[in-house]
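The values are calculated or read from the model by the stated rules, or taken from the named source; none is laboratory data. What you are looking at is a predicted structure, and each value in this text was computed from that prediction instead of being measured. Cβ placement follows ideal geometry from the backbone for every residue including glycine, while neighbour counts extend to all protein chains displayed.
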Amino acid sequence: MPWQLDNDRPIYVQLVERLKLQIISGQFQPGDKMPSVRELAAEAGVNPNTMQKAFAELERDGLVQTFRTSGREVTQDEEKLHSIKAEIAKDIIRKFLEQMRELGFEKEEAAALLEEACKEEKE
């Protein structure tokens, strides 16, 4: 089934975001061999060159490594994975706070609502 991609942003950026999320969430474990460019491109319903561009970006970010004989693997650098995971989490929090400001909430009010939602989630 093709991935859900929108036309508002570059496709390769969306591919990078999705693959990053799959890596940091543990769907691809450190040291795992990544599927081939052609395989993922077919799965996502995109041109292999676009997927190759996404892989190049992931490699620049240090999330994947390319080996001539064995293809691409997820980095085993746990610190790098944790750092990127924290960076993505901070971006999500910034967007949340921005949306709350647009609704007229102060940071403290937004934090209180978030805390309340967390408590309800546990129940």
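Listing for the model above:
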item	result
Count - residues of segment 65-80 that are hydrophobic (A, V, I, L, M, F, W, C) and under 17 Å from SER25 (Cβ atoms)	1
Every residue from segment 88-123 that is surrounded by 12 or more Cβ atoms within 10 Å (Cβ to Cβ) and under 15 Å from LYS20 (Cβ atoms)	ILE88
Residue match in segment 78-95 (condition: in contact with a Pro (Cβ under 9 Å, 6 or more places away or on another chain) and not hydroxyl-bearing (Ser, Thr, Tyr))	yes
Qualifying residue in segment 61-71 (condition: at pLDDT 95 or above, loosely packed, with under 14 Cβ neighbours inside 10 Å and either part of a loop (DSSP other than H, G, I, E, B) or of a type in the set (S, T, N, Q) (or both))	no
Hits in segment 20-60 (condition: among the aliphatic types (A, V, I, L, M) and touching a residue at least 40 places away in the same chain (Cβ under 8 Å))	LEU21, ILE23, ILE24, MET34, ALA44, VAL46, ALA54, LEU58
